[in-house]
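The values are calculated or read from the model by the stated rules, or taken from the named source; none is laboratory data. These numbers were taken from a predicted model, which means no experiment stands behind them. A quick note on method: Cβ atoms are made from the backbone with ideal geometry, for glycine too, and the neighbour counts reach across all protein chains shown. Areas reflect the complete protein model, heavy atoms only, side chains present, ligands, DNA and RNA absent. Shrake-Rupley method; radii C 1.70, N 1.55, O 1.52, S 1.80 Å.
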Amino acid sequence: DAKTTQPTSMDCAEGRAANLPCNHSTISGNEYVYWYRQIHSQGPQYIIHGLKNNETNEMASLIITEDRKSSTLILPHATLRDTAVYYCIVRVGNQGGKLIFGQGTELSVKP
Amino acid sequence: GAGVSQSPSNKVTEKGKDVELRCDPISGHTALYWYRQSLGQGLEFLIYFQGNSAPDKSGLPSDRFSAERTGGSVSTLTIQRTQQEDSAVYLCASSLAGTGHNSPLHFGNGTRLTVT
(Lines give C-alpha, C1' and ligand atoms only; values in the text may rest on other atoms or scores of the structure.)
Protein backbone atom coordinates (compact mmCIF):
# COMPACT_ATOMS: atom_id res chain seq x y z
CA ASP A 1 0.00 0.00 0.00
CA ALA A 2 1.17 3.52 -0.84
CA LYS A 3 2.76 5.69 1.82
CA THR A 4 1.11 8.94 2.91
CA THR A 5 2.55 12.17 4.27
CA GLN A 6 0.64 14.46 6.59
CA PRO A 7 1.58 17.49 8.68
CA THR A 8 2.27 16.59 12.28
CA SER A 9 -0.13 19.12 13.74
CA MET A 10 -2.62 21.84 12.83
CA ASP A 11 -4.76 24.37 14.65
CA CYS A 12 -8.23 25.52 13.66
CA ALA A 13 -10.60 28.08 15.17
CA GLU A 14 -13.93 26.76 16.35
CA GLY A 15 -16.64 27.25 13.72
CA ARG A 16 -14.17 27.58 10.86
CA ALA A 17 -13.41 24.97 8.22
CA ALA A 18 -10.54 22.62 8.98
CA ASN A 19 -8.62 21.58 5.88
CA LEU A 20 -6.31 18.62 6.46
CA PRO A 21 -3.91 17.80 3.63
CA CYS A 22 -2.44 14.44 2.70
CA ASN A 23 0.15 13.57 0.07
CA HIS A 24 0.10 10.13 -1.52
CA SER A 25 2.22 10.60 -4.62
CA THR A 26 2.85 6.87 -5.14
CA ILE A 27 -0.82 5.90 -5.06
CA SER A 28 -1.77 3.31 -7.65
CA GLY A 29 -4.91 3.13 -9.73
CA ASN A 30 -6.82 0.70 -7.55
CA GLU A 31 -6.00 2.28 -4.20
CA TYR A 32 -8.61 4.22 -2.27
CA VAL A 33 -7.97 7.10 0.12
CA TYR A 34 -9.42 6.56 3.59
CA TRP A 35 -9.62 8.96 6.50
CA TYR A 36 -9.97 7.95 10.12
CA ARG A 37 -9.69 9.96 13.29
CA GLN A 38 -8.84 9.06 16.86
CA ILE A 39 -10.16 11.09 19.73
CA HIS A 40 -8.16 10.77 22.92
CA SER A 41 -8.69 7.44 24.73
CA GLN A 42 -10.96 6.05 22.03
CA GLY A 43 -10.50 3.69 19.12
CA PRO A 44 -10.14 5.17 15.63
CA GLN A 45 -13.34 6.22 13.87
CA TYR A 46 -13.97 5.94 10.16
CA ILE A 47 -14.72 9.30 8.49
CA ILE A 48 -14.82 8.98 4.72
CA HIS A 49 -13.13 7.37 1.74
CA GLY A 50 -12.86 7.91 -2.00
CA LEU A 51 -11.19 6.73 -5.18
CA LYS A 52 -11.04 9.71 -7.54
CA ASN A 53 -14.26 11.67 -7.21
CA ASN A 54 -14.85 14.12 -4.42
CA GLU A 55 -16.99 12.68 -1.65
CA THR A 56 -19.18 14.20 1.05
CA ASN A 57 -21.00 12.70 3.99
CA GLU A 58 -22.46 13.98 7.23
CA MET A 59 -19.02 14.24 8.82
CA ALA A 60 -16.74 15.68 6.18
CA SER A 61 -15.83 16.23 2.55
CA LEU A 62 -12.94 14.62 0.73
CA ILE A 63 -11.31 16.43 -2.16
CA ILE A 64 -8.94 14.35 -4.30
CA THR A 65 -6.75 16.04 -6.90
CA GLU A 66 -7.15 15.04 -10.52
CA ASP A 67 -3.79 13.24 -10.54
CA ARG A 68 -4.78 11.57 -7.23
CA LYS A 69 -1.40 12.37 -5.70
CA SER A 70 -2.91 14.35 -2.87
CA SER A 71 -6.18 14.90 -1.05
CA THR A 72 -7.76 17.19 1.52
CA LEU A 73 -10.20 16.32 4.26
CA ILE A 74 -12.52 19.19 5.03
CA LEU A 75 -14.47 19.56 8.27
CA PRO A 76 -16.76 22.44 7.27
CA HIS A 77 -17.52 23.84 10.73
CA ALA A 78 -15.02 22.49 13.22
CA THR A 79 -16.11 22.09 16.84
CA LEU A 80 -14.06 21.45 19.97
CA ARG A 81 -15.11 17.80 19.74
CA ASP A 82 -13.29 17.50 16.42
CA THR A 83 -9.97 17.78 18.26
CA ALA A 84 -8.29 14.46 17.40
CA VAL A 85 -5.53 12.79 15.42
CA TYR A 86 -6.57 12.42 11.77
CA TYR A 87 -5.12 9.57 9.72
CA CYS A 88 -4.96 9.46 5.93
CA ILE A 89 -4.47 5.93 4.58
CA VAL A 90 -4.39 4.48 1.09
CA ARG A 91 -5.40 0.92 0.51
CA VAL A 92 -6.49 -1.35 -2.30
CA GLY A 93 -10.25 -1.11 -2.24
CA ASN A 94 -11.46 -4.35 -3.74
CA GLN A 95 -9.76 -6.58 -1.24
CA GLY A 96 -9.73 -6.98 2.47
CA GLY A 97 -6.52 -6.57 4.33
CA LYS A 98 -4.93 -4.50 6.98
CA LEU A 99 -4.81 -0.73 7.15
CA ILE A 100 -1.37 0.68 7.81
CA PHE A 101 -1.61 3.81 9.95
CA GLY A 102 0.98 6.55 9.79
CA GLN A 103 1.51 9.19 12.46
CA GLY A 104 -1.45 11.33 11.35
CA THR A 105 -2.18 15.00 11.93
CA GLU A 106 -3.04 16.19 15.41
CA LEU A 107 -5.82 18.74 14.91
CA SER A 108 -6.49 21.15 17.76
CA VAL A 109 -9.74 23.09 17.51
CA LYS A 110 -9.51 26.19 19.65
CA PRO A 111 -12.33 28.40 20.97
CA GLY B 1 -26.62 -2.02 17.09
CA ALA B 2 -23.62 -3.03 19.17
CA GLY B 3 -20.18 -2.04 18.07
CA VAL B 4 -16.91 -3.88 18.60
CA SER B 5 -16.60 -4.89 22.23
CA GLN B 6 -13.30 -5.50 23.98
CA SER B 7 -12.63 -6.88 27.44
CA PRO B 8 -11.26 -6.16 29.86
CA SER B 9 -11.02 -2.40 29.36
CA ASN B 10 -8.01 -2.30 31.66
CA LYS B 11 -5.59 -5.01 32.70
CA VAL B 12 -2.64 -4.78 35.06
CA THR B 13 -0.35 -7.77 35.20
CA GLU B 14 3.05 -8.67 36.57
CA LYS B 15 6.00 -9.19 34.31
CA GLY B 16 6.23 -12.81 33.25
CA LYS B 17 2.53 -13.58 33.52
CA ASP B 18 0.33 -14.55 30.58
CA VAL B 19 -2.66 -12.41 29.57
CA GLU B 20 -5.66 -12.93 27.33
CA LEU B 21 -7.51 -10.08 25.68
CA ARG B 22 -10.94 -10.62 24.15
CA CYS B 23 -12.64 -9.04 21.16
CA ASP B 24 -16.29 -9.42 20.15
CA PRO B 25 -16.64 -8.09 16.59
CA ILE B 26 -19.76 -6.65 15.03
CA SER B 27 -22.14 -9.45 14.12
CA GLY B 28 -21.71 -10.55 10.52
CA HIS B 29 -18.28 -9.00 10.07
CA THR B 30 -15.98 -11.55 8.51
CA ALA B 31 -12.71 -9.70 8.99
CA LEU B 32 -11.09 -9.02 12.36
CA TYR B 33 -7.93 -7.06 13.12
CA TRP B 34 -5.71 -6.51 16.14
CA TYR B 35 -3.57 -3.42 16.56
CA ARG B 36 -1.63 -2.01 19.47
CA GLN B 37 -0.82 1.56 20.37
CA SER B 38 1.95 2.42 22.77
CA LEU B 39 1.76 5.69 24.70
CA GLY B 40 2.00 8.64 22.33
CA GLN B 41 2.56 6.43 19.31
CA GLY B 42 0.60 5.49 16.20
CA LEU B 43 -1.26 2.26 15.61
CA GLU B 44 0.84 -0.83 14.99
CA PHE B 45 -0.78 -3.67 13.03
CA LEU B 46 -0.54 -7.08 14.71
CA ILE B 47 -2.74 -9.67 13.00
CA TYR B 48 -5.68 -9.95 10.59
CA PHE B 49 -8.29 -12.70 10.23
CA GLN B 50 -10.49 -13.01 7.15
CA GLY B 51 -13.10 -15.75 7.14
CA ASN B 52 -11.57 -19.20 6.94
CA SER B 53 -8.33 -18.02 5.35
CA ALA B 54 -5.01 -18.34 7.11
CA PRO B 55 -4.51 -15.21 9.26
CA ASP B 56 -1.99 -12.54 8.32
CA LYS B 57 0.37 -12.69 11.31
CA SER B 58 3.00 -10.42 9.81
CA GLY B 59 2.70 -7.79 12.53
CA LEU B 60 3.13 -9.97 15.60
CA PRO B 61 6.29 -8.69 17.33
CA SER B 62 7.45 -12.00 18.79
CA ASP B 63 6.42 -15.61 19.31
CA ARG B 64 5.07 -14.63 22.72
CA PHE B 65 2.10 -13.15 20.88
CA SER B 66 -0.65 -15.29 19.38
CA ALA B 67 -4.28 -14.89 18.46
CA GLU B 68 -7.15 -17.11 17.54
CA ARG B 69 -10.62 -16.58 16.25
CA THR B 70 -13.12 -19.24 17.18
CA GLY B 71 -16.17 -19.91 15.06
CA GLY B 72 -15.43 -16.94 12.88
CA SER B 73 -16.53 -14.55 15.58
CA VAL B 74 -14.87 -13.88 18.94
CA SER B 75 -11.10 -13.46 18.98
CA THR B 76 -8.57 -13.79 21.78
CA LEU B 77 -5.12 -12.21 21.72
CA THR B 78 -2.72 -13.99 24.07
CA ILE B 79 0.57 -12.58 25.30
CA GLN B 80 2.80 -15.05 27.09
CA ARG B 81 5.49 -14.13 29.60
CA THR B 82 4.58 -10.45 29.43
CA GLN B 83 7.32 -7.83 29.39
CA GLN B 84 7.13 -4.17 30.37
CA GLU B 85 7.46 -3.14 26.73
CA ASP B 86 4.17 -4.95 26.05
CA SER B 87 2.36 -2.18 27.94
CA ALA B 88 0.05 -0.52 25.42
CA VAL B 89 -3.55 -0.18 24.35
CA TYR B 90 -4.60 -3.19 22.31
CA LEU B 91 -7.27 -2.33 19.75
CA CYS B 92 -9.54 -4.69 17.87
CA ALA B 93 -11.45 -3.85 14.70
CA SER B 94 -13.84 -5.67 12.41
CA SER B 95 -15.12 -5.10 8.90
CA LEU B 96 -17.30 -6.59 6.20
CA ALA B 97 -14.25 -7.64 4.22
CA GLY B 98 -14.96 -8.89 0.75
CA THR B 99 -17.26 -6.00 0.00
CA GLY B 100 -14.21 -3.97 -0.86
CA HIS B 101 -14.24 -0.25 -0.53
CA ASN B 102 -17.53 -0.13 1.29
CA SER B 103 -16.16 -1.99 4.28
CA PRO B 104 -14.42 0.42 6.63
CA LEU B 105 -12.92 -0.85 9.84
CA HIS B 106 -14.91 -0.38 13.04
CA PHE B 107 -12.75 -0.21 16.13
CA GLY B 108 -13.41 -1.00 19.76
CA ASN B 109 -12.11 1.26 22.51
CA GLY B 110 -9.29 -1.10 23.34
CA THR B 111 -7.79 -2.86 26.32
CA ARG B 112 -5.19 -0.87 28.22
CA LEU B 113 -2.51 -3.34 29.32
CA THR B 114 -0.02 -2.35 31.99
CA VAL B 115 2.83 -4.72 32.81
CA THR B 116 4.47 -3.95 36.14
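What the table below lists for this structure:
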| item | result |
| --- | --- |
| A:T65 accessible area, assembled protein chains, probe 1.4 Å, Å² | 50 Å² |
| Cross-link reach list, lysines versus A:K3, counting only Cα pairs under 27 Å and skipping chain neighbours closer than eight places | A:K52, A:K69, A:K98, B:K57 |
| Euclidean distance between Cα centres, the range B:64-85 to the range B:1-58, Å | 8 Å |
| Antiparallel %, DSSP beta bridges [both residues in the protein assembly as shown], to 5 | 85 percent |
| For the protein assembly as shown, Kirkwood radius (reciprocal of mean inverse C-alpha pair distance, Å) | 18.2 Å |
| Vicinal HN-Hα couplings computed from phi for the range B:68-73 (Karplus, 6.51 cos²θ - 1.76 cosθ + 1.60; Hz; Gly/Pro x) | 9, 9, 8, x, x, 10 |
| Kirkwood estimate for chain A, i.e. one over the average of 1/r between Cα atoms, Å | 14.0 Å |
| Net length gained if the chain between B:Q41 and B:S5 were fully extended (0.36 nm per residue, minus Cα distance) | 10.7 nm |
| Proportion of all alpha-carbon pairs of chain B beyond 19 Å (%) | 41 percent |
| Dipole moment magnitude, nearest 20 debye, the protein assembly as shown about Cα centre, only Lys, Arg, Asp, Glu C-beta charged | 180 debye |
| DSSP beta bridge pairing in chain B, given as percent antiparallel to the nearest 5 | 90 percent |
| Max mean-square fluctuation residue, GNM over chain A, Cα-Cα springs under 10 Å, options A:A84, A:A13, A:A60 | A:A13 |
| Length added when fully stretched, B:T13-B:T76, from 0.36 nm per residue minus Cα-Cα | 21.0 nm |
| Apportionment of accessible area to carbon and sulfur, chain A, percent (1.4 Å) | 47 percent |
| Sulfur and carbon atoms: percent of accessible area, chain B [1.4 Å] | 44 percent |
| Isolated Cys in the protein assembly as shown, by beta carbon distance under 4.7 Å | A:C12 |
